[in-house]
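**Q** This is the structure, below, for whatever I ask next.
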Amino acid sequence: MNPIAHIFFTYSILSFIIPDTRKYLLPIIIFSIIIDIDHIPIYLKKIFTSRESIIKIPYNNTLRMPIQEPIGIIIIEMILLLLYLFGIKHIILLIASLSILIHWLIDFLTVPTCPLYPISTKEITLFYKTKKSRVKLEIILTIISVILFALTI
């Protein structure tokens, strides 16, 4: 899923949980896309590559880190829970925890994922089988996220 959709979906969901969500827009933006930091090399490659070469980049050519799979998310959430249990009860901790969890759930539902990583590297997809259907799904979900954001801001 693209960063805009992640940000808007996360903001929309958190607006029902956190009062005065607008005050926390920057942390929501940061934490809703932070686990996609591994995409930066791919974005840079696309920026500095000719259009003809971009077409040749394999569809599944990503550098997914283990942190984006269930075991990584569980580790992150456990660390945030421990911080909470040891007295850090700040709203930013809640925003971080929920934003990362929402990001992972959206990715799990919309992009190829390895749910049993590192035990298995088998990728699964839930709602599409081709690149064209994934692009359509992403466009639809991005439009929905923009509408939800507009309704909740």
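**Q** In the list 133, 97, which residue meets the criterion of being surrounded by fewer than 16 Cβ atoms within 10 Å (Cβ to Cβ), polar (S, T, N, Q) and part of a helix (DSSP H, G or I)? Let's see the steps before the verdict.
**A** Numbers: 97 fails: surrounded by fewer than 16 Cβ atoms within 10 Å (Cβ to Cβ).
Only one candidate qualifies: 133.
**Q** Let me ask something additional. Going by the conditions given, is residue 126 in a helix (DSSP H, G or I) and under 22 Å from residue 3 (Cβ atoms)?
**A** no
**Q** Here is a follow-up. Taking residue 139, is it without any contact (Cβ under 8 Å) to a residue 12 or more places away in the chain, over 18 Å from residue 16 (Cβ atoms) and in a helix (DSSP H, G or I)? Working first, answer last.
**A** Numbers: without any contact (Cβ under 8 Å) to a residue 12 or more places away in the chain: yes; over 18 Å from residue 16 (Cβ atoms): yes; in a helix (DSSP H, G or I): yes.
Against the criterion (without any contact (Cβ under 8 Å) to a residue 12 or more places away in the chain, over 18 Å from residue 16 (Cβ atoms) and in a helix (DSSP H, G or I)), residue 139 qualifies.
**Q** Can you go through 55, 29, 75, 34 and tell me which one is at pLDDT below 90, in a helix (DSSP H, G or I) and on the phi < 0 side of the Ramachandran plot? Walk me through how you get there before you give the answer.
**A** Working: 29 fails: at pLDDT below 90; 75 fails: at pLDDT below 90; 34 fails: at pLDDT below 90.
Answer to the selection: 55.
Conditions tested, residue by residue: (1) out of contact with any helix residue (DSSP H, G or I) (no Cβ under 9 Å at 6 or more places or on another chain); (2) at pLDDT 85 or above.
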{"site": "100", "(1), (2)": "no, yes"}
{"site": "106", "(1), (2)": "no, yes"}
{"site": "111", "(1), (2)": "no, no"}
{"site": "116", "(1), (2)": "no, no"}
{"site": "121", "(1), (2)": "yes, no"}
{"site": "132", "(1), (2)": "yes, yes"}
{"site": "136", "(1), (2)": "yes, yes"}
{"site": "146", "(1), (2)": "no, yes"}
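**Q** Tell me which of these residue 89 doesn't satisfy, since it passes every other one: (1) outside any helix (DSSP H, G or I); (2) under 22 Å from residue 24 (Cβ atoms); (3) in contact (Cβ under 8 Å) with a residue 12 or more places away in the chain.
**A** It is condition (3) that residue 89 fails.
The values are calculated or read from the model by the stated rules, or taken from the named source; none is laboratory data. What you see is a predicted model; the values in this text were computed from it and never measured. Every residue, glycine among them, receives a Cβ derived from its backbone with ideal geometry; neighbour counts consider all protein chains shown.
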